[in-house]
Amino acid sequence: MVVGMGLALTACGPTAPVGSDSAPAPASPAPTARSLPSSAPPGTPRPSPGNPDHLRLEPFTTGLDSPINIANAGDGSGRLFVNLQGGLIRVIGPDGSVRAEPFLDIRNRVLAGGERGLLGLAFHPNFPEQPRIFVDYTRTPDGATVISEFPATAQGADPASERVLLLIPQPFANHNGGQLAFGPDGFLYIGMGDGGSGGDPFGNGQNTRALLGKMLRIDVDNQPAAGKAYAIPRDNPFAAGGIRPGAGAPEVWSYGLRNPWRFSFDTANGDVYIGDVGQSAWEEIDRQAGDSRGGENYGWNVMEGDHCFRQGCNTRPFVKPIAEYGHDRGCAVIGGYVYRGSEQPVLRGVYVFADDCSGLVFTLQVDAGTRTTKLVLDSHRAISSFGVGENGEIYAADLGGAISRVVAG
Ligand SMILES: [Ca+2]
């Protein structure tokens with residue numbers, strides 16, 4: 001558990017950082033106390049072309065205080081921007097060096113610990129011409145989710161110029177979602193958990209009028225809608241131009257989610273991959289096709305993974321996961337990315353994801369159409385998030401403080 005800031009996750013259980021209510025999982029060794037078994041000494045040529053069935057984590061940087069999100073600015077600088085749970089954004093140079101000055105410091109307004117903190121970051125897709133960043137955090141003192149915009153230069157964002165776009169009350173401390181990402185359509189997608197506790201006691205996942213238990217989609221570029229700080233995309237499923245106008249909140253894009261802690265777009269085709277953290281038995285990956293019109297119902301809290309959560313349920317109305325694994329292999333899925341970089345051709349079209357509790361890393365060969373989950377690494381790390389650099393390389397953050405590049409073995 002993360003008890004205050006700065007402590008590595010050493011075991012996992014009822015208050016795991018990303019939302020499991022399951023029984024405790026095996027403890028992980030201290031992440032930094034162990035060298036990677038397959039790490040080559042410096043200067044050793046990397047095996048080529050590499051083995052996509054045995055990934056490893058190549059050290060990139062260390063010493064960060066509970067890193068939980070990785071983003072890039074798309075500005076040609078080659079930098080990574082890493083959210084620290086307590087409310088800082090750190091800048092990592094292309095050589096792995098950590099800049100002393102934070103990019104943003106909002107520790108004074110972030111409530112952090114457990115599953116709370118500075119959870120998400122997205123640069124405007126036209127940054128720096130559009131000099132704005134967007135963050136998702138749980139605020140002090142009540143833990144409500146705040147989605148905010150800050151003006152930003154290449155050097156940093158001004159904490160005094162926050163503009164709150166969306167404020168979503170959180171009934172419990174856990175299941176806050178937190179991922180932000182712009183889609184190829186230019187809209188901002190927001191992952192929201194079901195509000196917490198266990199079993200979704202308020203039924204938020206299936207309530208299309210609630211903003212909890214959802215993927216939301218908003219427009220941050222056009223004239224705000226009446227009473228809102230953002231515009232509503234006309235073709236959102238419950239908006240005027242959508243498939244079921246008026247049948248839900250206009251911000252809702254898809255629903256039936258429990259805790260979509262991390263999701264990503266496949267840059268090749270716009271498909272969306274959602275890692276939805278399970279309750280007590282099943283962890284799942286959901287996929288939404290790039291040409292979707294929204295409105296998918298991913299099943300929670302009627303289904304958990306591909307199984308009835310409510311006994312004897314009718315499974316037909318729901319979009320089933322493309323992959324799942326049981327709690328014999330972990331307790332909180334960390335959704336990842338489809339590799340579309342150029343340096344490791346052997347990984348092209350491979351979706352990489354992990355489990356926070358067990359440290360296991362998995363892949364799906366999505367371009368090959370397979371739904372078979374393959375175990376590719378036992379990392380012994382508390383992986384909190386994946387991210388991609390501007391070069392398309394995939395990086396992993398772990399709560400022990402490291403950022404590593406994911407490479408074929
Ligand atoms: Ca589901």
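Only the coordinates and a few stated rules stand behind these numbers; no lab work does. Just so it is clear, the model here is predicted, and its values are computed rather than measured. So basically every Cβ, Gly included, is an ideal-geometry build from the backbone, and we count neighbours across all protein chains shown.
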Report summary line: Calc'd 3J(HN,Hα), segment 228-236, phi into Karplus 6.51 cos²θ - 1.76 cosθ + 1.60 (θ = phi - 60°), Hz, glycine/Pro = x, comes to 10, 9, 8, 9, 9, x, 4, 9, 4
Query raised in the report: Among Glu343, Glu129, Glu393, which comes first, then next, by fewest other beta-carbon atoms within 10 Å?
Result: Glu129, Glu343, Glu393
Query raised in the report: Using a simple spin-label model with points 7 Å from Cα along the Cα→Cβ vector, what separation in nm is obtained for Ser77 and Glu390?
Result: 0.9 nm
Query raised in the report: If the chain between Val346 and Thr370 were fully stretched, how many nm would it gain, using 0.36 nm times the residue separation less the Cα-Cα distance?
Result: 7.0 nm
Query raised in the report: Can you list residues whose amide H is under 5 Å from Leu165's amide H, if they're 5+ apart or on another chain and H is modeled 1.01 Å from N?
Result: Ile147, Ser148, Glu149
**Report entry** Summed side-chain charge close to Ser292 - residues other than Ser292 whose Cβ falls under 12 Å, Lys, Arg +1, Asp, Glu -1
**Finding:** -3
Query raised in the report: Can you give the FRET efficiency for Gln155 and Ala229, using 1/(1 + (r/R0)^6), R0 = 30 Å, r = Cβ-Cβ distance, to the nearest 0.05?
Result: 0.70
**Report entry** Highest to lowest packing among 225-233, 58-66, 77-85, scored as the average C-beta count within 10 Å
**Finding:** 77-85, 58-66, 225-233
Requested in this report: Order by neighbour count: Glu101, Glu251, fewest other Cβ atoms within 10 Å first, most last.
Outcome: Glu101, Glu251
**Report entry** Residue with peak Gaussian network fluctuation, the chain [Cα springs, cutoff 10 Å], from Pro102, Pro245, Pro52
**Finding:** Pro245
Query raised in the report: Which order do Cys313, Cys357 fall in if you start with the one that has the fewest other Cβ atoms within 10 Å?
Result: Cys313, Cys357
Query - Highest average packing first - 90-96, 104-110, 366-372, Cβ atoms within 10 Å - result: 104-110, 90-96, 366-372
Query - Options Gly186, Gly156, Ala226, ranked by Cα towards positive dipole end of segment 150-242, top entry (Cβ charges) - result: Ala226
**Report entry** Net length gained if the chain between Asp53 and Asn222 were fully extended (0.36 nm per residue, minus Cα distance)
**Finding:** 56.4 nm
Report summary line: Counting only DSSP loop positions in segment 271-323, the trypsin sites (Lys or Arg not before Pro) whose Cβ has at most 14 other Cβ atoms within 10 Å are Arg293, Arg310
Query raised in the report: Which of the peptides 331-338, 279-286 is most tightly packed, and how do the rest follow, going by the mean number of other Cβ atoms within 10 Å of each residue?
Result: 331-338, 279-286
Query raised in the report: With r defined as the distance between the Cβ atoms of Thr62 and Gln130 and R0 fixed at 41 Å, what FRET efficiency is calculated, to the nearest 0.05?
Result: 0.80
**Report entry** Counted charge near Gln130, where neighbours are those whose Cβ lies closer than 15 Å (Asp, Glu -1; Lys, Arg +1)
**Finding:** -3
**Report entry** 30 Å tail of the calculated P(r), the chain, as % of Cα pairs
**Finding:** 34 percent
